[in-house]
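Following: one structure in structure tokens, then a few remarks.
The values are calculated or read from the model by the stated rules, or taken from the named source; none is laboratory data. Everything numeric here is computed off the predicted structure, so don't read it as measured data. When we count neighbours, we look across all protein chains shown, and the Cβ atoms used for this are built from the backbone with ideal geometry, even at glycine. Surface areas here come from the heavy atoms of the whole protein model, side chains and all, with no ligands, DNA or RNA. Shrake-Rupley method; radii C 1.70, N 1.55, O 1.52, S 1.80 Å.
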Amino acid sequence: KMSSGAADLRQRKKQNCTESDKMAPEERNKENSKLGRSPKYMLIQRFAKLFFGCLAAVTSGMMYAVYLSTYHERKFWFSSRQELEREITFQGDSAIYYSFYKELLKAPSFERGVYELTHNNKTISLKTINAVQQMTLYPELIASVLYQASGSEEVIEPVYFYIGIVFGLQGIYVTALFVTSWVMSGTWLAGMLTVAWFIINRTDTTRIDYSIPSRENWALPYFACQVAALTGYLKKNLNCSAEKFCYLLVNASTYTFVMMWEYSHYLLFVQAVSLFLLDSFALAQTEKVHEVYRIYLFSLIVGYLLQFENSALLVSPLLSLVVALMLSKSLQMNMKKSTFVSRLLKIMYIYLVLTVAVTLNFLLKMFIPHKENEHLLKFIEVKLGLNTTKNFTMNWLLCQESLQAPSQDFFLRLTQSSLLPFYILVLIICFFSVTQVIFRRICGEPLKETVKLEDGRIGERPEIVYHVIHTILLGCLAMCLEGMKYLWTPYVCMLAAFGVCSPELWMTLFKWLRLKAVHPILLALILSMAVPTIIGFSLWKEFFPRIMTELTELQEFYDPDTVELMTWIKRQAPVAAVFAGSPQLMGVIKLCTGWMVSSLPLYNDDDLLKRNENIYQIYSKRSAEDIYKILTSYKANFLVIEDSICNEVGPVRGCRVKDLLDIANGHVVCEEGDNYAYSKYGRFCHEIKMNYSPYVNYFTRVYWNRSYFVYRINTVISFQS
């Protein structure tokens, strides 16, 4: 009977546009006449609701973008800084992304700039890279085109234009979350509450404060737009024009998302699993779900072609799952009604799809050359305790805060803002309602064509089921890796706000409680207005003063030592010089000076990972000769030692760079449960400062300040004492 329900849902897809467009006038007129309302009055009411809702959504996004811009100015005193001081605020990989944006603007033409990026041999010594493909520089390409095509050169500085686009995208991000919550609940009050929770929990919803140019800050707004459009697309009884609009928006935003972020296909894979489970229990129109699968397929193929035949997209789990689902579709459609075999096949359907997907992915990886994230698989092995390693890169990744389990402070912050308690309440009600619906489907009960408020069946709405599954999957990932909270928490805000503002959710709860003392529909309508209003006032009272304090309080970010170092390099170092040091510092040197470096803070290339590990040896207990051979193998001319790494006192012993190097190099001896570092050489970064042989034979100090020591790597070695 589940198969017959699925067939009925497929038929509804074809009938939906015509029925929803043709029906209505007479029936709606009858309903309105019963309520004493004219069709004209209802039309004006709907238009007013749509107009003010859209106005509130756009205003929320614009205010958030202005808020970010104001906070950024207060934090860095951006407008009063010199260009060099502004650029230093871009740290790590952010510095690399912005440096390529600068190079594009300096190029004599856009075409020449793109060619130089795709054949780049002026960034990393002894290495020519396709920077556009390897670093996903499409955001920088778009930003540079817009800057030059709009004639902004005489109006605004490049850095303001760049960060302005990112802040504008964050405004779109918030607007998309607003719209998603509004579409699900039917009231834009839910959107307002979503935005409030998002901003209050900004520490856990976005990384915009720490790395403006990061790929996720460019990509996630498009994913939020895709989720908003998908939410509308999955709704029942959607009129034809609205359905087409949602379909086109899903198509455009999915493709853009794939182009903006190298890890986008993993997040789309999680979404595809959610849709697969939704379709497996016949809780949504099968044709709609498979249309989304086709969008995935189209986006991956076009992305593969435009990203210089990026093999990572071909061996992605998303492609394997989508192909497996399409191959299995014929089996699902050809199941006969009301037979034992059809029920058995339905039970085996999930197993079949997963088996085909895993097998296909294995075969693709066998026959398609790729280097896609082999270190990621090794990391997962070690993270799950399936393996141990002394490898520096693996242990360094494991020590990163974003790859740790979330701290108690994270849950405490969400609880203090009242977000977590209401999210858990909404999730429990929706989850049990969805479970009830699935049980009814297994027993052969068909879904209702239209779910009314008095039915108390919120779990029968396909868009709700999708979001419940999606948020659970993202939540599981966030419980393992703290960095995943930036994907999960925004949708926690959205789902919690939708729930407390939805009369259907309260009605579902009252149906279970069998409330009779008060009319349940009336109480559900009252609570859907009263609860979010009370939450809103409490949030305003507690958090609004804090936000205003953030915007009025002048913070100081000034790093004179780094400014002095960059100034010295630009004035004293030869133009053809190659610098070696920590990858994070090399990114800043590349941005601020334009000089060539020996490594970069990028972790998607095995060769760069090996380079980073080798150059980090300057903080290990290795001989001067060993370090000299490593540095000269990369044609480095200058070495920069950072005192903060050499004398690091980390909060977690064993996670400092020098500790990880000692473990990787076998310089750690374990005795009675204690670890002791042992080597016949002293730590290089300490010993080189002593200015004695053999260190002075290989290296000559040419500059130093409180934080940095710069040494010229001698080309002619003198062993005179």
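Worth pointing out:
- One residue alone among Pro503, Pro462, Pro490, Pro446 is within 30 Å of Lys383 (Cβ to Cβ) and touching a residue at least 40 places away in the same chain (Cβ under 8 Å), and that residue is Pro490.
- Taken over the stretch 239-276, the criterion of being open to solvent by less than 30 Å² (accessible area, probe 1.4 Å), within 18 Å of Tyr486 (Cβ to Cβ) and among the aromatic types (Phe, Trp, Tyr) is satisfied by Phe257 alone.
- Condition broken by Thr206, with the remaining ones in (1) open to solvent by 10 Å² or more (accessible area, probe 1.4 Å); (2) in contact with a Pro (Cβ under 9 Å, 6 or more places away or on another chain); (3) of a type in the set (Ser, Thr, Tyr) satisfied: (1)
- Hey, Arg413 without any contact (Cβ under 8 Å) to a residue 40 or more places away in the chain and more than 22 Å from Leu525 (Cα to Cα) or not: no
- In this structure, Asn217 does not satisfy being open to solvent by 10 Å² or more (accessible area, probe 1.4 Å) and of a type in the set (S, T, N, Q).
- Helices (runs of 4 or more DSSP H) lying entirely in the stretch 171-244 (those with 3 or more residues that are in the same structural domain as Gln271 (by the TED database) and without any contact (Cβ under 8 Å) to a residue 60 or more places away in the chain): 215-234
- Residues that are open to solvent by 80 Å² or more (accessible area, probe 1.4 Å) and within 16 Å of Thr552 (Cβ to Cβ), drawn from the stretch 75-88: Trp77
- Of all the residues in the stretch 521-546, those that are under 12 Å from Glu504 (Cα atoms) and touching a residue at least 12 places away in the same chain (Cβ under 8 Å) number 6.
- Number of positions in the stretch 694-708 that are aromatic (Phe, Trp, Tyr) and either open to solvent by 50 Å² or more (accessible area, probe 1.4 Å) or not assigned by the TED database to the domain that holds Asn637 (or both): 1
- Identification of helices (runs of 4 or more DSSP H) wholly contained in the stretch 349-455 with 3 or more residues that are closer than 30 Å to Leu513 by Cα yields 408-416, 419-442.
- Of all residues in the stretch 437-489, those satisfying the criterion of being among the aliphatic types (A, V, I, L, M) and in contact with a Gly (Cβ under 7 Å, 6 or more places away or on another chain) are Val437, Leu447, Val465.
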